[in-house]
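Right, one structure below, let's go through it.
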Amino acid sequence: MRKVQYLELARKDYIEIVTYITFELNAIDAANRFIDMFEKAVERVRQYPFSCKVFETSEMFHYEYRVFKVMNYLVFYVIFEEFIEIHRIIYAKMNLTFLQK
C-alpha cells in the first residue's frame with residue numbers, strides 16, 4: 001500500500017474547510033462528518049489508488065490528476081510509485097472549467 005502525502009496547499013485547504021464548517025456555518029457535527037468521511041476516502045484511495053476517475057485537465061499539467069468527492073469538496077491527487085500525493089481540496093461547485101481542456 002502506498003503512503004499518503006499532502007502538499008502544503010492541500011493541508012491549508014483542509015484546515016480552512018474544517019474551520020469554515022465549524023465556525024462560519026456553526027456546524028460542528030457537519031465538520032466532524034467531513035473529517036470522518038475524508039479519512040475514510042483517503043484510506044480507500046491508499047488501498048485502491050486507481051479507483052478514482054482521472055480529472056480531464058489541460059495538457060499544460062505535468063501530472064495525471066485523479067479526483068474523489070467528500071461532501072461538497074473535490075480532492076485532487078497524483079499517484080507516484082511509492083506514494084499518493086494530495087494536491088488540493090476544492091469546493092465542488094466552484095467553476096473548474098479553466099482547468100479542463
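Every number here is computed from the coordinates shown, using simple stated rules; none is lab data. Owing to the predicted nature of the structure, the values given are computational and were not obtained by experimental measurement. FYI the Cβ positions are ideal-geometry reconstructions off the backbone, even for glycines, and counts take in every protein chain you see.
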**OP:** Answer with yes or no whether Val42 is within 13 Å of the chain's Cα centre (by Cα) and outside any helix (DSSP H, G or I).
**Re:** no
Original post:
Do you know which of the residues in region 9-18 that are without any contact (Cβ under 8 Å) to a residue 24 or more places away in the chain and surrounded by 13 or more Cβ atoms within 10 Å (Cβ to Cβ) is nearest to Arg88 (Cα to Cα)?
Top reply: Lys12
**OP:** Kindly provide the set of residues from region 19-51 that are surrounded by 14 or more Cβ atoms within 10 Å (Cβ to Cβ), without any contact (Cβ under 8 Å) to a residue 24 or more places away in the chain and within 28 Å of Glu64 (Cβ to Cβ), ordered by number.
**Re:** Ile35
**OP:** Mind listing just one residue for me: the one in region 54-64 that is closer than 18 Å to Lys93 by Cα and not β-branched (Val, Ile, Thr) and, of those, surrounded by the fewest Cβ atoms within 10 Å (Cβ to Cβ)?
**Re:** Glu56
